[in-house]
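Below is one structure, written out as structure tokens, with a few remarks after it.
The values are calculated or read from the model by the stated rules, or taken from the named source; none is laboratory data. Owing to the predicted nature of the structure, the values given are computational and were not obtained by experimental measurement. FYI the Cβ positions are ideal-geometry reconstructions off the backbone, even for glycines, and counts take in every protein chain you see. These area figures cover heavy atoms from the full protein model, side chains too; ligands, DNA and RNA do not enter into them. Shrake-Rupley method; radii C 1.70, N 1.55, O 1.52, S 1.80 Å.
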Amino acid sequence: MTPCCRVCGRVLRTERSRAAGVGPVCRRRSQPRTAARIPTPLPDHHVDGQTELPLVHHQPTL
């Protein structure tokens, strides 16, 4: 009997897949996606010609 993937039923070809019982495609699909990381600017980050504005909390009034 040929070992098959527990998720999709495809034939498992590598020893790693056979040991896990899941193929590489199904393994990738089951892992959560990671969000793209946006680097945080350093506190001393300054762009020439850019005006610094004070951070003021604004709450709209109804």
Checklist entry - Exactly which trypsin sites (Lys or Arg not before Pro) in the stretch 1-42 are in a DSSP loop and have at most 11 other Cβ atoms within 10 Å? => result ARG33, ARG37
Checklist entry - When the Kirkwood hydrodynamic radius is evaluated over all pairs of different C-alpha atoms of the chain, what value in angstrom, to one decimal, is obtained? => result 17.2
Checklist entry - Amide H neighbours of CYS4 under 5 Å, counting only residues 5+ apart in sequence or on other chains, H built in-plane at 1.01 Å? => result LEU12
Next on the checklist: Once you place label points 7 Å from the Cα toward the Cβ at THR34 and ALA20, how far apart are they in nm?
Outcome noted: 1.6
Item to check | Rounded to whole Hz, the Karplus (6.51, -1.76, 1.60) HN-Hα couplings of the stretch 25-40, x for glycine and proline | outcome: 5, 5, 5, 5, 5, 7, 7, x, 6, 9, 6, 5, 8, 9, x, 7
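Hey, can you find the accessible area per residue of the chain for me, probe 1.4 Å, expressed in square angstrom?
Heavy-atom SASA per residue in the chain reads 106 Å².
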